[in-house]
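Heads up, the thing below is written out as C-alpha cells.
Nothing in this text is a laboratory measurement; each read-out follows from the coordinates by a stated rule. Keep in mind it's a predicted model, so treat the numbers as computed, not measured. For neighbour counting, all protein chains shown are included, and Cβ atoms are generated from backbone atoms with ideal geometry for every residue, glycine included.
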Amino acid sequence: MNPNTTDPLLSVESLRTQFRTEEGTVTAVDDVSFSLEKGEVMGIVGESGAGKSVTARSIMQLIDYPGEIVSGSITFGDRDLLSLSEEEMQGVRGNEITLIPQDPMTALNPVLTVGQQITETIELHQDVSSAEARTIAIDAMREVEIPAPAERIDEYPHEFSGGMRQRILIAIGLACEPDLIIADEPTTALDVTTQAKILDLLNDLREKHGVSILMITHNLGVVAQTCDRVGVMYAGNLVETGAVSSIFARPRHPYTRTLIDAIPAVDSDRDRLYALPGSMPDLKSLPDGCNFAERCPHAVDACRTGDDPTLEPASDGEGGSHAACIRSDELDLSESAVEAGDARQQKDIADDPLLEVNGLKKHFPSGDGLFGNLSLARTDGGGLTLERRYVKAVDGVDFTINRGETVGLVGESGCGKSTVARTVMQLLEPTAGEVYFDGQPLHSLGKSAIRSLRQEMQIIFQDPKSSLNPRKTVGQIVGRGMEKHGIATGDEKRERIAELLERVGLQASDVDKYPHQFSGGQQQRIAIANALAVEPDLIVCDEPVSALDVSVQAQILNLLDDIQAEFGLSYLFISHNISVVQHICDRVAVMYLGKIAEIGSVDQVFDAPYHPYTESLLSAVPHPTPETQPERILLDGTVPSPLDPPSGCPFHTRCPKKIGDVCETDVPVPEPVGGESTHQISCHLSEADMSDPLYETGESDA
Amino acid sequence: MSSERFSISDERKAHYGRFIRQFRRNQKAMIGLGIVVSLFVIAIVTSLFPEIVPYDPGATNVPNREAAPSLSHPMGTDELGRDVFSRVVLGTQISLYVGFTSISAAMVMGTSIGIVAGYYQGLTDEALMRAMDAMMSFPPILLALTIVAVMEPSLNNVIIALALVYTPFIARVARSAALSVRNESYIEAAEARGESDLYIIFREVLPNCVGPLLVQGSINIAFTMLLEASLSFLGLGVQPPEPSWGLMINSGWAYMGDAPWMVFFPAAAIATAVIGFNLLGDGLRDVLDPKGEIIE
C-alpha cells in the first residue's frame, strides 16, 4: 500500500465482485486494492464496463443478485464493512458513507417534496424531532447554495432545474455529515456550465468539512479539476494509481496515456485523435496475461502470458504512482502518442453553399393534449382572453453550410440545437423561415418532393442503440435505404453493404447480425454506414459521440473525418461538447435560447472577441490538465424558459458583461466583428469590451 | 416478406435460440403450452376423426339419463342420456374455434387502431382511443349480449361480438407499445430516409410491438372462451344441439343436485383451457419482458 498511509479512512483490499449470468460469470471487479485518506478526493476513471460503479456499490454493499462480493476486504475507519450485517450496514449507508447518484432527473422521488426527501435521511440516522430535522435540512440546502432554502424546501423536484436537483442530492448526502461521499458521475448528466458550478461546490464542501470524496467519472477533465489522487480502471482491474499531477505528467500505464490522448483538447491543434483500436475484452473470458495487451501499442510477448500484472510502485516513486504494467519502468509515456505527421489535412472549402437557412423559426404549442396550449390571460388590465402559448425552441436562425464543410452547433441543453437539425431536415415543419438545399426551397416543396430529396440528407443520432431497429439485421437496415432510393438491389446491394461495413470498420460477415450483438461504438458505425448507404451530400450529426466512451469517441470522430473527404460530405454537427466541436468543425454557431449568439470559423469563435456566452462556455470546460485550469466564469441561475424568453438580448439575465438597459430592451442583431464578415456576434458590447478577458464575476449563484 | 433474401444464418438462429431456451426454462410457460397444445391436438383429431369419441354426441338415450360416471360413461350422461365425455371432448373444437377466430379478428382490428393512434398521436389518437374507451366502459358480457341480441344468436355472430368486445383491449396495448417505439430514433431515421407512413407503421413500428401483443392476445383468448361459454349459458351463443361447454353448463345447472357431473366436467374443461392460455400468456410476458434481456 501507499507508504505514507498512516490511518486511511477507507481501505479496499483485493476486492472481487462477480455477476453470475446465463452466459457465464462476469468478474466486474477483479482484485482491486486502494485506500483513501481523510479529507482526500480520489478519482476513479475508466470507460464504461471497467468496473468503476461496481467498485463504488461494493463499498456500500449495494450489489444485488446476481452479483456477489466474492472475496476481499473493505475497511472503513476501524470496521470491516463486509462483516457487518445488513442492519448494521443500513446505519452506515446514508449516514457515514453517502452516495450521490448520477442522474438528478430520476434520483429524486417526484411525489415527495425535496424537504421530505432530505429529512427522511436525517430522521433515519439521527435522533432528532421532525422540526429539528427540518432545520438541519434547510441548513443543508443553504450549504449547497440553493437560493431561499426555507421557502423552497416544500417544493417538489420538478420545480427545480437539473443543476438544482443535483444540489439537493448533494444536500441529502451531506445532511448526516458523512465521512465519505461516493459521487458516481455526479456531473455527467449536466450541462457544462452547471457542471462547473457543481464541481466548485464539491471542492468548497470538501475544504469546509474535510469530507473524503470518491469521485467516479469517465471524464479526465473532472478528475484534473477536483481530485488529489486518481485510480484508472480497465476491465475490472485498477491499472494505475497515483497523484493527479504525476498521472497527467507521466502516466505509467499505456492505457492511461491512451485515455489522455483520446480527448480532443480545447486548446490543441486539429490533429487526428489517438484512437485506441478494438474494445475492452469480454469480462467473461479474459485473455492470458495483461487484459490490455490486445490493444496496447507497447505490448510485447511477455505481456500475453502468465497472470494479469499487479499494481507495483513505479521505480522512482514520484507522486506515489503505482502501475499494473510489466514495462512501466522502461516506457516513458510522458509524451503524447499522436505522431506529429498525423495532422489532419487542411480542407479547401469553396464558397459553394449546399444548405442555406434564413430566419428559421420553430414554435411548439406548449402543454399536452388538444387544448393544453390555451391559457387564460389578462392583458393590460382588460378582460380575460384565451391565449395560445408557444415554446419558442428556434427563434430566427440563419446560417449556411458549404460543400465539404462541417458546421457545428453548440449550446446547453434546451437551446434549440436539435430542433434546428430536425427543422432543417423537414422532420419538423418550420413555423417560419427559408431552407434552401442545393438551391431548392425545402420550405415550399411538397411532401413527395421532399421525400425524394431525403436521399441527399441523412441523420446520425446520439443513441446508436435507439437508432437501429432491433428487429432487423444490419444488412436489412443498411440495405433498405439503397432499395428505397433505387441505388442498388440484389447482388450489387449485397456487395455495397459489405463494402460499406468494411469502410466503417466492421466486417462484411456482420450483415446477418442484429444490432444488440454490437457494442455502442460499433452500433454507431452501423448508423454511419446506414447514413452513407444512400450517398447523401449532407449528414446531420446529432450529438453522435455523446453516448460513447472517450476512446470510442475518438474512433468515431476520426471515422467521420476520414469519410468526409472520401464521400464529399458536409456535416451539420450538433454537440454540447465544445472540445469535440472545436476538433471536428470548420465553422461554429453558438446557440442560446433559440438564437445564434455567435457564428464564425472555429478560430474566430474560440478566440477573442467573444460573445460573453461563448466566453463563459469556454471557461467552463474542465481541462484534462491539472496545471492549466483557467479562471472560470460562473453564470448566474439557469437558462430562462423558452416559453417566456427575456426581452431584448436573451442572455441579459445571466450575462456577466451586461451594460445596462439596452440589453433588456433591444434585441441585438448579428454584426460582423474584427473586420471579417464571416465572424458575427449578436451583442451590444463594443468589440474592445468583447475582447477583454473577464475572470472575476462576483457570486456564482443567485 | 419483401425482397430481402438473406439466408437464415447461424446469427439469426442464435437470436431465436435464446428466446426458445428462456421459454423452455420458464415452467409457467411450458405448462401453459402443454395444455394449449393438448387442446389443439384434441380439437384437430376429433374434427378429422369424429367417430373417435365413444358415443355420438347427439344420440339421446333417455332411459339412461343422468347416469353417474361409470366405466362406460366416464363423465356420466346428461338429462337426455347423451354421453358427457363425448360432448366435452367435441366441445373443445367449438371453444377453440370461437376463441381463435374472434381473438384473431380482434388482434387485427385492435392492432391497426392502436398502432395508428400511437403513431400519429394528436387528434387521430384522441378520436380513436376515446371510441375504444367508450366500448370498454360497458362490461364485456353486456356489450357482447347486446351485439348478439341485435343481430341474432348464431355461432358467427358470437364470433363477431367477441371480436368487437376485445378489440379495445388489444388496441390499448398496441397503442402504448407503439407510443414507446415511436420515440426511438430509428423511426426518425426511417422518416429521414423518406419512407411512407404505411411502411413505417408496418415494417418499423409493428414488429417491435409484437411481444406485448402476443401476451395480451394469449391472455384475452382465455377471456373470449369464457365469454363464449357465458353467452351459450345464457342461450345467446352456440345453439343446441352443438356441444358447447357453456351450453352444457346451461342445461346442466338445473340438475346440479342430482347430477353434478353434468356441470362439473364442462366447467373443468373451461377452467383448464382458461388456465392454459393464461399461463402461456404469463410465461410469454416473463420471457419477452425487456428487463429479462439485460442479463446478457
Figure the gain on full extension for B:L71 and B:R24 (residue separation times 0.36 nm, minus the Cα-Cα span) and round it to one decimal in nm. 13.2 nm
I want to make sure I understand the PRE zone here: with the label point 7 angstrom from the Cα of B:V37 toward its beta carbon, which residues in the range B:94-112 have backbone N atoms less than 14 Å away? none
When ranked by the protection proxy of mean other Cβ atoms within 10 Å per residue, highest first, what sequence do the peptides B:18-27, A:91-100 form? A:91-100, B:18-27
Quick one: among B:L80, B:L284, B:L164, which has the greatest mean-square fluctuation in a GNM of chain B with alpha-carbon springs under 10 angstrom? B:L80
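With a Förster radius of 25 Å, plug the Cβ-Cβ distance of A:D301 and A:E502 into 1/(1 + (r/R0)^6) and report the FRET value to the nearest 0.05. Kindly include the intermediate steps, with their values, before the conclusion.
Details: r = 30 Å, r/R0 = 1.19.
Taking R0 as 25 Å, the efficiency between A:D301 and A:E502 is 0.25.
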For chain B, what is the mean residue ellipticity at 222 nm derived from helices alone (per DSSP H run of n ≥ 4: -39500 (n - 2.57); sum divided by total residues; nearest 500 deg cm²/dmol)? -23000 deg cm²/dmol
Sticking with the crude label model, points 7 Å out along Cα→Cβ, report the distance from B:V150 to A:R79 in nm, one decimal please. 7.0
Set the bar at 20 Å for Cα to Cα. Now go through A:K392/A:K417; A:K197/A:K362; A:K472/A:K493; A:K447/A:K484 and name every pair that lies beyond it. A:K197/A:K362
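Per DSSP H run of n ≥ 4, the term is -39500 (n - 2.57); total these for chain A, divide by its residue number, and report the mean residue ellipticity at 222 nm rounded to 500 deg cm²/dmol.
On the way: 21 runs with 198 residues, N = 702.
For chain A, the value works out to -8000 deg cm²/dmol.
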Among A:Y610, A:Y571, A:Y156, B:Y119, what is the fewest-to-most ranking by other Cβ atoms within 10 Å? A:Y156, B:Y119, A:Y571, A:Y610
Taking R0 as 35 Å and r as the Cβ-Cβ distance between A:S677 and A:D636, the FRET efficiency 1/(1 + (r/R0)^6), rounded to the nearest 0.05, comes to 0.60
Any chance you could run the full-extension gain for B:Y199 through B:I141? It's 0.36 nm times the residue separation minus the Cα-Cα distance, nm to one decimal. 17.2 nm
Treat each spin label as a single point 7 Å out from the Cα along the C-beta direction, and report the B:Y120 to A:D603 distance in nm. 5.5
Can you pull out the GluC sites (Glu not before Pro) in the range A:134-165 that DSSP calls coil and that have at most 15 other Cβ atoms within 10 Å? A:E155
In degrees, nearest 10, the alpha-carbon axis of helix B:84-120 is tilted away from the dominant principal axis of the alpha carbons of chain B by 20
The protein assembly as shown: mean projected area of Cα convex hull, nm²: 50.9
May I ask you to derive the FRET efficiency for B:N61 and B:A127 from their Cβ-Cβ distance with R0 = 51 Å, giving the value to the nearest 0.05? 0.30
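How much length, in nm to one decimal, is gained on full extension between A:D282 and A:E664, taken as 0.36 nm per residue of separation minus their Cα-Cα distance? Intermediate results must be reported in sequence, preceding the final value.
Values: separation 382, 0.36 × 382 = 137.52 nm, distance 5.71 nm.
Residue separation times 0.36 nm, minus the Cα-Cα distance, leaves 131.8 nm.
Relative to the Cα centre, what is the charge dipole magnitude of chain A, using +1 at the beta carbon of each Lys and Arg, -1 at the beta carbon of each Asp and Glu, and rounding to the nearest 20 debye?
Details: 56 positive and 110 negative charges, 470 e Å.
In total the dipole reaches around 2260 debye.
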On Cα atoms only, tilt of B:27-48 relative to the major axis of chain B in degrees: 60
